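Undergrad: Supplied in structure tokens, the structure appears directly below.
The values are calculated or read from the model by the stated rules, or taken from the named source; none is laboratory data. Computed from a predicted model, the values in this text were never measured in an experiment. Ideal geometry is used to build each Cβ from the backbone, glycine not excepted, and the neighbour counts take in all protein chains shown.
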Amino acid sequence: MPITFMLNDRSISLDVEGEMPLLWALRDVLKLTGTKFGCGAGLCGACTVHREGEAIRACTTPMSSVQGRRITTIEGLGGQADHPLQDAWIRHNVAQCGYCQPGQIMAASALLAQNPSPTDEDIDRAMAGNLCRCGTYSRIRAAIHDAAGQLQSDSGQTPAPYYQSNLES
Amino acid sequence: MNSRREFLKAMGLVGGGLILELSLSGCTTPLPHGNARDFEPDAWLQITPQNDIRFYLNSVEMGQGTMTGMATLIAEELNTEPYMIEVKSAGVHADYVNPFYGVQVTGGSTSTRIYYDVLRRSAAQAREMLRAAAAAELGVDVALLEVRDKHIIYRDTRLPMGRFVQAAQSLSRPEVSLKSERDFRFIGRPSVRLDGAMKVRGTAQYGIDVQLPDLFTALVKRCPVQGGHIESWSPNGADELPGVKAIVPIANGVAVVAETYWHAQRALQAITVSWAMPALSQRSSEDIRREFEALAASESGRSALSVGDARADIRAAALQHAATYRLPYLAHATMEPMNCTVRLRDDHCEIWVPTQVPSVCAAIAEEVTGLRRHQITVHTTLLGGGFGRRLSVDYALEATQIAKATGLTIKLVFSREDDMQHDYYRPAAHAEIKAGLDEQGRITGWHQKNVNPNILPYAFQEFATAVLPAWLPDGLVRGLANLGPWVYGTLLMDPASTEGAVEFGYDSVSAEVRHVQADPGLRTGYWRSVGHSINAFVVESFMDELAHRAGRDPLQFRLQHLAGNPRLAAVLRQVAEVGRWGAPMEPGSAQGIAAHYSFGSYVAQLVEVSVVEGDIRVHRVTVAIDCGKTINPDIIKAQMEGGVIFGLTAALRGEITLQDGRVQQTNFHDYPLLRIHEAPAITVHILSSAEAPGGVGEPAVPPIAPALANALFAATGQRLRDLPLRLS
């Protein structure tokens, strides 16, 4: 029995075992490699995707549970253009090795969808499940605040990059 | 860094001084990307008639920013915006060999330091050749032509550089002068990283993302104790599970090849193996701790630094102080687990691999497949973290063996558990240190003795095939490689074990540093900042202890001993000023300070910590760095931030332990990394300097553990000498 679900706004039908984790269906069957493998146990958040807009760990989500559901991955997050978070991430030079960042952005976008102006504590709570070995946490926080401001003001004005405001002191 | 160079020197492969002049022309073998129609003045640059500028990056991008930093050097002399230059991964070629180490390697925070002048000169020569070609074609004075943003500009006319590519080909390489620093457009300024956009869109390709036709995933069941081998094994039904393509034994275990990772993982669980256990299986962490302690008492070890008679000076001193520090093994835990993709045909082997040593991977493939070097192509991908783990090549060895045994195109992937339990660990260490102070509180003698396993025996075995001449018979190469453990266990010093101690930067009448080699058999490797991660903790904690013994402020005590080390003194003064050293703190809160020189750069850090019901909270870290001339200040800042988090993770949490030879940690629940809610605010101050560029990828790691331990002493009165730091 194929498993049918919406993936990045397109209907997909896959003939895979129901116990196969969504992560491996995405990466090894559909060749959508933006969603990363980090731990296989829901501990690092590198594989974060959205199910009905909510952040979940694809590595511990069996395919049987996505039947008929709406899944969004990093490839489908912004539609045709970059999501404001992706834009903020670029301007703040958040990514170092970058491997965890698709998962970070998926977690952050689920947060902003629920809470358009998160405090530092809100961000810490929502992002605590996403590890970054390069240690980009302070920039992740700054980029989320920045994108939240963008979404709120909707002024179309791009704020000054983080490094310009913080480097000179 | 010295260590790895020493290793090559010991093998007679490099001479004495630094080799900074690379052979840039007259390549005897064609470049991997060569194309007759394009202008390729050397191995770095390619300018096409269509006006595409390509820069071939020989270093790998693992987050440290080489892609942006090195493209900036090219961009500056071509006077062209960095984003207009396409950065491509260079293949394996003699021109790309890192002159520090004699192999094509990204490590030791060397990329920018080595290539600062080389790349600028390369681009400047290309610029002048294009100008000369354009001047000849246009029949105008070359002085009237300007190069800017991929164009040659003559009065009001902008002509694409590509138009003059053919004419430039025939010119000889001119003597050039580099741009004056006054005229810099890009060097020394922050910019948006060139790899930023692809990394947030999910389009960046890491090794684990490689896709090929008929590509299967391989996983390996390895002996739970490193160094064991298969006695017997059974597929136990795994070969009949869906999706499984092949099951084969290789040198290091049993490999399953399947349609997806998940199919391979499921099959792997069914396989049963009986292992012949190595001697390591008789040891646990507590045994190793006792062995190191006993060796420190019984062995005098080998001298790594000896100035004056430290023992006598300490004996004669007005005040003596001694302490013992212990550090655990550590895993690298890159976010992207180890992996390697191999497609092997009769006469060609292609490898796609996130590695810091592409030339060593090529040599390994040559050895496994029996093909010659020119029949092997290595494609390096982006690295999802390196930190030194990808200086080892176990993944390339295993993947090539699996491809050979199965005839299938395979991508070997380590599970997180494999990655954690089959690492090359930062060595555990036991360090005993003593010093004498005179009546004025000045250090008279300093004596440090480290007991820890060397790294070179392991590195030597893997690197030997790549650095020994290709004409040596294979058997001799393997024989020499296998000598490594003996050579570095008994004959020679591994400088990695004492780096950070032998550069002893404080004024003292005498100083001695000794090392006792002790290897329990758990393989060791280069871990971000290598020996400095051990010795900075020892030296900077002990300096703090001495300051308190002398009744001095820890900052003043250091400055008092830095007359001969003005750059270290300067970063300390700077960090104390901007971090408000000595400012009044809340009860339970305190500051700690430390400074260290490594990889050509000076870093001081000031930590603010509080202890609430035994819980350590790091609130703020201030960093001052003198890394000489700066290329991209925002990348420097990012590396300082990242290094602090990396070092804090080790200081607060990092510990690999052994039970009967098995690594007990398996995943991020028992080898925890710092998370966002635990990350302190970090401010970075870059000292302006005209000195040659220093490294930035590693130097922020060493000072953070001692700075934190020193802050905890100030907060609680507990002197923590064992890592990770745990309050009692």
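Undergrad: Looking only at residues that are touching a residue at least 24 places away in the same chain (Cβ under 8 Å) and in a loop (DSSP other than H, G, I, E, B) in segment A:136-158, which one is nearest to the other protein chains (Cβ to nearest Cβ)?
TA: Applying the filter and picking the extreme gives A:T136.
Undergrad: Of the numbered conditions (1) in contact (Cβ under 8 Å) with a residue 24 or more places away in the chain; (2) out of contact with any helix residue (DSSP H, G or I) (no Cβ under 6 Å at 6 or more places or on another chain); (3) facing chain B (nearest Cβ under 8 Å); (4) under 13 Å from A:V66 (Cβ atoms), A:M20 fails exactly one; give the number of that condition.
TA: With (1) in contact (Cβ under 8 Å) with a residue 24 or more places away in the chain; (2) out of contact with any helix residue (DSSP H, G or I) (no Cβ under 6 Å at 6 or more places or on another chain); (3) facing chain B (nearest Cβ under 8 Å); (4) under 13 Å from A:V66 (Cβ atoms) applied to A:M20, the lone miss is (2).
Condition check ((1) crowded, with 21+ Cβ neighbours inside 10 Å; (2) touching a residue at least 24 places away in the same chain (Cβ under 8 Å); (3) farther than 13 Å from B:V273 by Cβ) across all residues:
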site	(1), (2), (3)
B:D214	no, yes, yes
B:R222	yes, yes, no
B:D239	no, yes, yes
B:I247	yes, yes, no
B:N252	no, yes, no
B:A258	yes, yes, yes
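Undergrad: Let me ask another. Taking segment A:61-77 as the region of interest, how many residues are of a type outside the set (S, T, N, Q) and more than 12 Å from chain B (Cβ to nearest Cβ)?
TA: Step one: filter segment A:61-77 for residues of a type outside the set (S, T, N, Q), giving A:62-63, A:66, A:68-71, A:74-77.
Checking which are more than 12 Å from chain B (Cβ to nearest Cβ) leaves us with A:66, A:68-71.
Adding up the residues that qualify gives 5.
Undergrad: Oh, and also: Report, ordered by the first and then the second residue, all pairs with beta carbons closer than 7 Å, sequence separation of six or more or different chains, a first member in segment B:117-138 that is in contact (Cβ under 8 Å) with a residue 24 or more places away in the chain and over 12 Å from B:R163 (Cα atoms), and a second member that is in a helix (DSSP H, G or I) and acidic (D, E).
TA: Going by the 7 Å Cβ cut-off, the qualifying pairs are B:R120/B:E76; B:R120/B:E77; B:A123/B:E77; B:A124/B:E77; B:R127/B:E77.
Undergrad: Do the conditions hold for B:Q269, that is, is it within 14 Å of chain A (Cβ to nearest Cβ) and loosely packed, with under 15 Cβ neighbours inside 10 Å?
TA: Values: within 14 Å of chain A (Cβ to nearest Cβ): yes; loosely packed, with under 15 Cβ neighbours inside 10 Å: yes.
In short, yes.
Undergrad: Which of the residues spanning segment B:364-393 are within 30 Å of B:T203 (Cβ to Cβ) and either free of Cβ contacts under 8 Å to residues at least 24 places away in the same chain or among the β-branched types (V, I, T) (or both)?
TA: Across segment B:364-393, the qualifying residues are B:I364, B:I376, B:T377, B:V378, B:T380, B:T381, B:V393.
Undergrad: Would you mind stating whether B:L687 is touching a strand residue (DSSP E or B) at 6+ places or on another chain (Cβ under 8 Å), surrounded by fewer than 24 Cβ atoms within 10 Å (Cβ to Cβ) and within 14 Å of another protein chain (Cβ to nearest Cβ)? I'd like the intermediate steps shown before the answer.
TA: On the way: touching a strand residue (DSSP E or B) at 6+ places or on another chain (Cβ under 8 Å): yes; surrounded by fewer than 24 Cβ atoms within 10 Å (Cβ to Cβ): yes; within 14 Å of another protein chain (Cβ to nearest Cβ): yes.
Considered against the rule, which asks whether it is touching a strand residue (DSSP E or B) at 6+ places or on another chain (Cβ under 8 Å), surrounded by fewer than 24 Cβ atoms within 10 Å (Cβ to Cβ) and within 14 Å of another protein chain (Cβ to nearest Cβ), B:L687 comes out as yes.
Undergrad: So which of A:A25, A:A46, A:A58 is within 7 Å of another protein chain (Cβ to nearest Cβ) and either closer than 15 Å to A:A113 by Cα or aliphatic (A, V, I, L, M) (or both)? So that I can check it myself, show each step before the final result.
TA: Details: A:A25 fails: within 7 Å of another protein chain (Cβ to nearest Cβ); A:A58 fails: within 7 Å of another protein chain (Cβ to nearest Cβ).
So the residue among A:A25, A:A46, A:A58 that is within 7 Å of another protein chain (Cβ to nearest Cβ) and either closer than 15 Å to A:A113 by Cα or aliphatic (A, V, I, L, M) (or both) is A:A46.
Let's see how each residue does on (1) surrounded by fewer than 21 Cβ atoms within 10 Å (Cβ to Cβ); (2) modelled with pLDDT of 90 or more:
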| residue | (1), (2) |
| --- | --- |
| B:P32 | yes, no |
| B:N35 | yes, no |
| B:L57 | no, yes |
| B:T66 | no, yes |
| B:A75 | no, yes |
| B:F100 | no, no |
| B:T112 | no, no |
| B:L119 | no, yes |
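Undergrad: For A:N130, which of the numbered conditions (1) without any contact (Cβ under 8 Å) to a residue 60 or more places away in the chain; (2) assigned to a loop (DSSP other than H, G, I, E, B); (3) crowded, with 24+ Cβ neighbours inside 10 Å fails to hold?
TA: That leaves (1) as the condition not met.
Undergrad: With the requirement that a residue be in contact with a Gly (Cβ under 8 Å, 6 or more places away or on another chain) and more than 14 Å from chain B (Cβ to nearest Cβ), what does segment A:4-17 give you? It would help to see each step written out before you state the result.
TA: We begin by selecting, within segment A:4-17, every residue in contact with a Gly (Cβ under 8 Å, 6 or more places away or on another chain); these are A:4-5, A:7-9.
Across segment A:4-17, the qualifying residues are A:T4, A:F5, A:D9.
Undergrad: Quick one: A:Y137 ticks every box in (1) touching a Gly at 6+ places or on another chain (Cβ under 9 Å); (2) surrounded by 17 or more Cβ atoms within 10 Å (Cβ to Cβ); (3) among the hydroxyl-bearing types (S, T, Y) bar one, so which box is it?
TA: Condition not satisfied by A:Y137: (1).
Undergrad: Do any strands (runs of 3 or more DSSP E) entirely within segment B:318-428 hold 1 or more residues that are away from chain A (no Cβ under 14 Å) and small (G, A, S), and if so, which?
TA: Filter on segment B:318-428 gives B:319-327.
Undergrad: Got a number for residues in segment A:73-121 being crowded, with 23+ Cβ neighbours inside 10 Å and not aliphatic (A, V, I, L, M)?
TA: Number of matching residues: 15.
Undergrad: Looking at B:P190, B:P160, B:P174, which one is more than 30 Å from B:V684 (Cα to Cα), in the same structural domain as B:D38 (by TED's automatic domain parsing), in contact with an Asp or Glu (Cβ under 6 Å, 6 or more places away or on another chain) and in contact (Cβ under 8 Å) with a residue 24 or more places away in the chain? Before you say what the answer is, go through the steps one by one.
TA: Values: B:P190 fails: more than 30 Å from B:V684 (Cα to Cα); B:P160 fails: in contact with an Asp or Glu (Cβ under 6 Å, 6 or more places away or on another chain).
None of the other options fit; the residue is B:P174.
Undergrad: With segment B:502-619 as the region, which strands (runs of 3 or more DSSP E) entirely inside it contain at least 3 residues that are free of Cβ contacts under 8 Å to residues at least 12 places away in the same chain and closer than 24 Å to B:H447 by Cβ?
TA: Values: elements: B:510-517, B:589-598, B:601-612.
The strands (runs of 3 or more DSSP E) meeting that bar number zero.
Undergrad: Can we say B:Y83 is over 19 Å from B:V357 (Cβ atoms) and surrounded by fewer than 24 Cβ atoms within 10 Å (Cβ to Cβ)?
TA: On the way: over 19 Å from B:V357 (Cβ atoms): yes; surrounded by fewer than 24 Cβ atoms within 10 Å (Cβ to Cβ): yes.
Answer is yes for this residue.
Undergrad: Hey, another quick one. Out of the residues in segment B:586-598 that are touching a helix residue (DSSP H, G or I) at 6+ places or on another chain (Cβ under 8 Å) and surrounded by fewer than 24 Cβ atoms within 10 Å (Cβ to Cβ), which is nearest to B:P554 (Cα to Cα)?
TA: Applying the first criterion (touching a helix residue (DSSP H, G or I) at 6+ places or on another chain (Cβ under 8 Å)) to segment B:586-598 yields B:588-598.
Then drop every residue that is not surrounded by fewer than 24 Cβ atoms within 10 Å (Cβ to Cβ), which leaves B:588-590, B:597.
Details: B:G588: 19, B:S589: 17, B:A590: 13, B:Y597: 18 Å.
This residue is B:A590.
Undergrad: Just name the residue that is farthest from B:M70 (Cα to Cα) out of those in segment B:188-202 that are outside any loop (DSSP other than H, G, I, E, B) and of a type outside the set (G, A, S). Write out each step before concluding.
TA: First, pick out the residues of segment B:188-202 that are outside any loop (DSSP other than H, G, I, E, B): B:196-201.
Now narrow it down to the ones that are of a type outside the set (G, A, S): B:198-201.
Working: B:M198: 18, B:K199: 18, B:V200: 21, B:R201: 23 Å.
Once the filter is applied, the top-ranked residue is B:R201.
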